[in-house]
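Comments concern the structure below.
Values quoted throughout were computed directly from the atomic coordinates according to the rules given, and no laboratory measurement underlies them. What you see is a predicted model, and the numbers here were worked out from it, not measured in a lab. Backbone-built Cβ (ideal geometry, glycine too); neighbour counts: all protein chains shown.
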Amino acid sequence: MDILGISALYHDSAACLLRDGEIIAAVQEERFTRLKHDSRMPENAISYCLAEGGLPSAGNLDAAVFYDKPLSKLVRLLDTYTETSPRGLKSFLMAIPAWLKQKAFIPKQVEEILKSRGVAFPKKFYFAEHHVSHAASAFYPSPFEKAAIVTLDGVGEWATTAVGEGEGHNIKLLYENRFPHSIGLLYSTFTYYTGFRVNSGEYKLMGLAPYGEPVYVDRIRDNLVDIREDGSYRLNMKYFGYLDGLTMTTRNFERLFEGLPRRPESPISQKEMDLARSVQAVAEEIIFNTARYARAVTGKPNLCLAGGVALNCVANGKLLASGIFDDIWIQPAAGDAGGALGAAFYVWHQLMGNDRKKPRGGDSMKNALLGPSFKPEKTKSFLDDNGFVYEVVEDEDERAGIVAGHVAEGRVVGLFQGRMEFGPRALCNRSIIADARSRTMQSHLNLATKFRESFRPFAPVVLEEDAAEYFEMNHDSPYMLLVAPVKKERRLPVEKPADQADIRQRVNIPRSDVPAITHVDFSARVQTVNRDQNPFAYSILQKFKAATGCSLVVNTSFNVRGEPIVCTPEDACRCFMRTGMDVLVLDKFILLKNRQPERKEQTDWKEDYVLD
């Protein structure tokens with residue numbers, strides 16, 4: 001039985017295909033359209049999933065499901081605008097027509113997409129509740145037979161936080177915090193106030209936090225949010241503008257924090273750093289309280305997490321270390337994209353009553369490698385047609401050795417292999433890798449390769465068996481969703497006055513013997529890899545270790561700021577030629593930058609991407 005799951009029309013649209021409970025394909029629409037966080041109906045993602053499943057030749061599509069309930073959202077919108085009238089009239093006049101145009105006819109839109117691909121509209125079309133979709137995406141692919149479930153995000157229909165439990169093929173939500181009281185919207189408000197884009201720049205706020213001090217924590221607790229021991233929380237809405245305005249904050253918020261929001265792309269001051277650190281601390285307190293409540297009401301020793309807030313890997317690492325739960329598992333596509341996957345799982349298991357299969361290799365996410373791959377002949381044809389110079393290395397082990405050698409010699413390498421990752425993290429199939437031992441690599445990658453802010457940290461990918469030699473962690477992290485401290489014996493002494501220096505100076509101060517991945521608070525967002533998860537990446541690390549004694553390298557996503565992760569060989573070559581990358585590995589094809597003919601673009605390509 002084939003089930004198509006769809007998430008769309010808010011942000012990070014995606015589609016997935018589930019066949020008899022197994023994930024066949026899952027991908028975000030942005031990867032095809034090259035529009036980051038694309039929210040439109042995911043017709044390209046749907047088309048890919050159908051093709052990967054061999055539809056229509058493989059049979060009929062049996063069911064389709066949308067990841068939330070638009071009519072319930074409409075009720076929330078109408079209730080909100082009624083209560084805030086007439087202040088919210090302008091927002092109302094913008095939101096309701098857009099809702100009627102996009103969300104009132106979802107089955108019809110899906111039917112038209114399927115028809116254009118030669119696939120009949122299924123007899124069964126479902127709408128799943130938003131946080132049910134998140135909960136299903138967290139529990140059903142997890143390695144646990146039974147577990148507590150926590151979902152946290154901005155808002156679904158009404159819920160902003162949900163606590164539930166899963167056992168066998170059933171899930172049940174037991175409690176929810178409701179709009180407008182939202183940890184996701186609290187965090188997004190500070191994202192906006194510190195000058196970053198909402199629903200895009202929250203991870204920047206998290207990365208900025210270690211540069212600051214928690215000086216605003218009491219001000220946030222005393223004025224903005226009432227945090228309760230039972231896991232619930234309430235926001236003081238006189239400080240928030242998202243109910244009836246077009247901005248996240250009100251003048252009360254600006255008076256409380258003594259100023260207007262930072263202008264995007266303007267210099268970052270100590271105030272923004274301190275605000276980031278403070279709201280991160282408050283968010284962690286809410287998350288921990290919710291986790292304690294979930295443990296108490298479910299009695300389950302393991303936890304599954306999803307929702308956009310579950311991508312806060314700093315909080316995740318601390319939550320795991322806290323011991324509230326014995327183990328946790330986080331959906332790698334925890335945001336709205338993963339809702340497509342969760343909705344399909346919910347139909348298959350909960351509504352249709354099918355048992356879960358015991359997953360191979362820990363969980364059933366297939367290491368999140370669920371997107372498109374490309375045949376060598378197609379890649380070769382593209383390279384030849386466009387005059388690229390390349391070497392063919394058929395043997396994968398030899399290819400891994402070549403890559404390891406380039407990285408050891410200080411070169412930046414783009415990795416493009418196999419199926420693309422599902423979710424926001426590049427896990428070595430669409431990655432840029434480099435030598436983490438270099439004292440200048442973080443700055444070089446930020447400024448010359450990614451074209452992004454200098455304060456942004458980079459993550460390591462490390463041999464799973466060697467992770468404990470570098471980090472204070474005893475848990476694998478295959479999806480790069482946990483932050484852990486760098487081991488004390490690897491740290492370098494840093495003079496205290498340096499922590500008050502300009503952010504551009506502070507970021508370049510070496511803090512360990514792997515400085516390119518060590519953040520200012522001596523932490524790192526870790527990806528572990530073993531041979532089964534990614535044989536090629538594992539082999540590169542083994543050979544790099546043999547050559548240098550170091551078992552980790554920098555791993556950052558294969559894109560530039562404002563651009564989605566590359567999907568096709570064409571995307572990869574374009575990014576390679578525009579940036580400071582030295583080497584590109586397109587499956588068995590290896591390209592060196594200094595051997596490529598010079599290419600001039602007619603326009604400034606950076607204008608194509610909206611800064612996040």
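Taken over region 1-70, the alpha-carbon convex hull comes to 75 cubic angstrom per residue. What the pair-distance distribution of region 236-286 shows, using all Cα-Cα distances binned every 5 Å from zero, is 5, 17, 21, 26, 23, 8, 0 percent.
Close amide H partners of ASN236, meaning residues 5 or more places away or on another chain with modelled amide H under 5 Å apart, are VAL225, ASP226. Hull volume per residue, based on the alpha-carbon atoms of region 392-595 and their convex hull, is 112 Å³.
When Rg and the Kirkwood Rh are both derived from Cα coordinates, the Rg/Rh ratio for region 378-431 amounts to 1.00.
A viscosity of 0.890 mPa s and a temperature of 25 °C, combined with the Kirkwood radius over C-alpha pairs in the Stokes-Einstein formula, give region 494-584 a diffusion coefficient of 153 µm²/s.
Once you divide the Cα radius of gyration of region 330-486 by 2.2 N^0.38 Å, the number left is 1.26. Dividing the C-alpha radius of gyration of region 185-257 by 2.2 N^0.38 Å, with N its residue count, gives 1.11.
Each helix, a run of at least 4 DSSP H residues, gives -39500 (n - 2.57); summed and divided by the residues of the chain, these come to -10000 deg cm²/dmol at 222 nm. For the chain, the convex hull spanned by the alpha carbon atoms encloses 150 Å³ per residue. One Cα centroid belongs to region 529-575, the other to region 116-160; the line between them spans 30 Å. Counting 0.36 nm for each residue step from ARG221 to ALA58 and taking away their Cα separation leaves a gain of 53.0 nm. In plain terms, the residue of ASP222, ASP582, ASP327 with the fewest other Cβ atoms within 10 Å comes first and the most crowded comes last, giving ASP222, ASP327, ASP582.
For the chain, relative contact order (Cα pairs under 8 Å, six or more residues apart, normalised by length) works out to 16 percent. Going by neighbour counts of Cβ atoms within 10 Å, the residues ILE287, ILE227 line up, fewest first, as ILE227, ILE287.
Kirkwood radius and radius of gyration were both taken over the C-alpha atoms of region 13-161, and their ratio Rg/Rh is 1.00. Computed from backbone phi with θ = phi - 60° and the Karplus coefficients 6.51, -1.76 and 1.60, the 3J(HN,Hα) list for region 108-123 is 5, 4, 5, 4, 5, 5, 5, 4, 5, 9, x, 10, 6, 5, x, 5 Hz; x is used for glycine and proline. Exposure proxy shown here: for HIS406, HIS134, HIS475, the number of other Cβ atoms within 10 Å sets the order, fewest to most, as HIS475, HIS406, HIS134.
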